[in-house]
Amino acid sequence: MNQQSKSEHIIIFDTTLRDGEQCPGATLNVEEKLIIARQLARLGVDVIEAGFAIASPGDFEAVEKIAKTVGTPDGPVICSLARAIKADIEAAAEALKSAAKARIHTFISTSDIHLQYQLKKSRAQVLAIAKEMVAYAKSFVEDVEFSPMDAVRSDSEYLYQVLEAAIRAGATTINIPDTVGYTTPSEFGALIAGIKNNVPNIEQAIISVHGHNDLGLAVANFLEAVKNGARQLECTINGIGERAGNASLEELVMALHVRRQYFNPYLGRTVDSEEPLTKIDTRQIYKTSRLVSNLTGMLVQPNKAIVGANAFAHESGIHQDGVLKHKLTYEIMDAESIGLTDNQIVLGKHSGRNAFRTRLKELGLELLEADLNKAFVRFKEVADKKKEITDWDLEALVNDEIQQAPELFRLEVVQVSCGNKAHPTATVVLRTPNGKELTDAAIGTGPVDAVYKAINRVVDVPNELIEFSVQSVTAGIDAIGEVTIRLRYQERVFSGHSANTDIIVASAQAYVNALNRLYASLQKIQPSSQTESELARKC
Ligand code: KIV
Ligand code: ZN
């Protein structure tokens, strides 16, 4: 069967929850992965790579839950990664059991450098494993993807042979990874063209591309691949991922959207065809970006294409003048097309529960009853302090409320005194995991430093604060401030996020959230470590 001609659009394969989650500190728990998976389904991605089932019990559970709840017949394909090893493939198949459309994505390296130093196997051995493991995956699911890892640095004749064998063994998608982010657009385009021309059974599979952004070229490489026959793009929200990240979903989708006329002929369409090139609902892009940033703690740089805070801001007088006269003078796309609506004032102190729920629903934020109740309480607290609550405020509050940092230590009270003639001093009251209330105080170089020092006196886990950022959600003196922090404990990074009209409270809560993640991971990985027993004494 000719798989490639069946694809009338560019397939968007989202790997935020697998490759994206591999970046330091972006670790998500199962509930957070589910929230993101639901939003990815609303965004309209074709495939969600939900995790690497064998990697950890948490990964397995996430793939299983996403398969069950998001992998409905009209939902996306749910995929799990698996090395070309039987146990990996079995774990993936088991975790994916309840997905209506399940895919196993199996991989093995094909570059000589990986074969010699990492796998310590010959080309012939790897070829045999690829064949055997694709066939094994096929015995569980119809939809099998095969990746020759480090394809870009592999010998092309050998690569063709491996791909031909994988397709013969049943692979329906063959994915060409630029694992180390090394290639350039014309080189990558030529590689895809070479595969199309030299793999005899290539018409029976979809050609996919996967790439990292070490040289900042991932998106450009993918677009060149599309021109040469790639029909699936593997990407992540905000471009997060291993090292410099993966190709960014929003950049790829908007490039194909804004420059549709340029790309149409490469898909056999007429230049003027209005049919979208992807199935993405572009108006969900901004919301998805914010959700992923808040839950992973990976901030989006202000000048990031499409979703950065400045992406639609015009500073220069000449540009502002032009845009006021005619938007298209300096704008190639509408902010609304990515869901960046005008920052409407929607709710206030007198708004009731129903109005609150309805507006959230209109924004695509559907919460479970318990989360809705918590979010409504927060909304009322904020509405007491802030006259006008905008859509962005609502999103910030809801994202904060649904964030699933385990609540081991709970911030009960935070109080600071500071000023130009005072030593910044903070008092905190924390409830420990076993219900004790502990109070402590500290002096710092500023109010946030004092709060963090006071918290450290209670939660005694030596850590290094490596990132602290405050962003205001909207303009105005009464704006909600969002605080995102990252801290390092030994070699691991943990993030915390919180939103509040009081940035000291948000800072304290973000820190407690990150410490709770750290503490939860200590409980999991080193139950008898010294630090843990020190902590246990405190609790
Ligand atoms: O970068 C890479 O090569 C990968 C593969 C597992 C597809 O992530
Ligand atoms: Zn990768």
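Every read-out reported here was derived from the displayed coordinates using simple, explicitly stated rules and does not represent laboratory data. It should be emphasised that the depicted structure is a prediction, and the values quoted were computed from it without experimental measurement. Neighbour counts are summed over all protein chains in view; Cβ atoms, including those assigned to glycine, are modelled from backbone coordinates with ideal geometry.
Taking 22 Å as the limit for the C-alpha separation, the pairs 86/121; 361/385; 97/138; 385/453 exceed it in the case of 361/385; 385/453. So what's the angle, to the nearest 10 degrees on a 0 to 90 scale, between helix 447-458 and the longest Cα principal axis of the chain? Helix 447-458 sits roughly 90 degrees off the main axis of the chain. The simple Förster model, with R0 at 41 Å and r as the Cβ-Cβ distance, assigns residue 273 and residue 439 a FRET efficiency of 0.05. Once you order the gyration tensor axes a ≥ b ≥ c over the Cα atoms, which shape class does segment 12-296 get: rounded for a/c under 1.5, otherwise prolate or oblate by comparing a/b with b/c? It comes out rounded by the Cα gyration axes. Looking at segment 182-254, the trypsin sites (Lys or Arg not before Pro) that sit in a DSSP loop and have at most 13 other Cβ atoms within 10 Å of their own Cβ are 243.
In percent, what relative contact order does the chain have, based on Cα pairs under 8 Å that are 6 or more apart in sequence? After rounding, I find 11 percent.
Under a 5 Å amide H cut-off, with hydrogens placed 1.01 Å from N, residue 472 pairs with 482 among residues at least 5 apart or on other chains. Only aspartates and glutamates eight or more places from residue 387 in sequence, or on another chain, were considered; those with a Cα closer than 17 Å are 395, 478, 502.
Derived scalar couplings between HN and Hα for segment 11-26 equal 7, 9, 9, 9, 10, 4, 7, 10, 5, x, 6, 6, 8, x, x, 8 Hz in order, rounded to whole Hz, by the Karplus curve 6.51 cos²θ - 1.76 cosθ + 1.60 (θ = phi - 60°), x for Gly and Pro.
Based on C-alpha pairs under 8 angstrom that are at least 6 apart in sequence, segment 134-196 has a relative contact order of 42 percent.
In the chain, helices alone account for a calculated mean residue ellipticity at 222 nm of -12000 deg cm²/dmol, with every DSSP H run of four or more residues adding -39,500 (n - 2.57). Dipole check for segment 410-535: with +1 at the C-beta of Lys and Arg, -1 at the C-beta of Asp and Glu, and the Cα centre as origin, the magnitude is about 140 Debye. As a length-normalised measure over Cα pairs under 8 Å and 6 or more apart, the relative contact order of segment 135-271 settles at 20 percent.
A straight chain from residue 142 to residue 98 at 0.36 nm per residue would run longer than the Cα-Cα distance by 14.4 nm. Is the shape of segment 195-304 rounded, prolate or oblate, going by the alpha carbon gyration tensor and its root eigenvalues a ≥ b ≥ c, with a/c under 1.5 for rounded and a/b larger than b/c for prolate? Judged from the Cα gyration tensor, segment 195-304 comes out oblate (a/c at least 1.5, b/c at or above a/b).
Which of the GluC sites (Glu not before Pro) found in segment 273-376 are in a DSSP loop and have at most 10 neighbouring Cβ atoms, other than their own, within 10 Å? List each step's numbers first, then the result.
Details: sites: 274, 315, 331, 336, 362, 366, 369; in loops: 274, 315, 331, 366.
For GluC sites (Glu not before Pro) across segment 273-376 that sit outside H, G, I, E and B with at most 10 neighbouring Cβ atoms in 10 Å, the list reads 274, 315.
Taking every DSSP beta bridge that has both ends in the chain, the antiparallel portion is near 50%.
Within 13 Å, Cβ to Cβ, of residue 175, how many net charges do the neighbouring residues add up to if Lys/Arg are +1 and Asp/Glu are -1?
With Lys, Arg at +1 and Asp, Glu at -1, the neighbours total -4.
The long axis of helix 353-362 is offset from the longest Cα principal axis of the chain by roughly 30 degrees. For segment 58-73, backbone phi angles converted through the Karplus equation (6.51, -1.76, 1.60; θ = phi - 60°) give residue-by-residue couplings of x, 5, 4, 4, 5, 4, 4, 5, 5, 4, 6, 9, 9, x, 7, x Hz, Gly and Pro being listed as x.
Sum up the charges of everything whose Cβ sits under 12 Å from the Cβ of residue 471, counting Lys and Arg as +1 and Asp and Glu as -1, but leave residue 471 out.
On the way: positive: 290; negative: 482.
Combined, the nearby Lys, Arg, Asp and Glu give 0.
Phi angles of segment 385-396 translate, via the Karplus equation with coefficients 6.51, -1.76, 1.60 and θ = phi - 60°, into HN-Hα couplings of 9, 10, 5, 10, 9, 8, 4, 5, 4, 4, 4, 4 Hz per residue; Gly and Pro are given as x. Dimensions of the chain based on its C-alpha atoms, expressed as ranges along the principal axes with the largest first, amount to 76, 66, 41 Å. Treating r as the C-beta distance of residue 258 and residue 432 and R0 as 60 Å, the FRET efficiency rounds to 0.70. Rounded if a/c is under 1.5, else prolate if a/b beats b/c, else oblate: with a ≥ b ≥ c from the C-alpha gyration tensor eigenvalues square-rooted, which is segment 380-421? It comes out oblate by the Cα gyration axes. Within segment 102-192, list the GluC sites (Glu not before Pro) lying in a DSSP loop whose Cβ has at most 15 other Cβ atoms in a 10 Å radius. Sites meeting the loop and neighbour criteria: 142.
Helix 503-525 and the long axis of the chain differ in direction by around 60°, with both axes built from C-alpha atoms.
Working note: Cα atoms of segment 314-373, range along each principal axis, descending, whole Å: 49, 23, 15.
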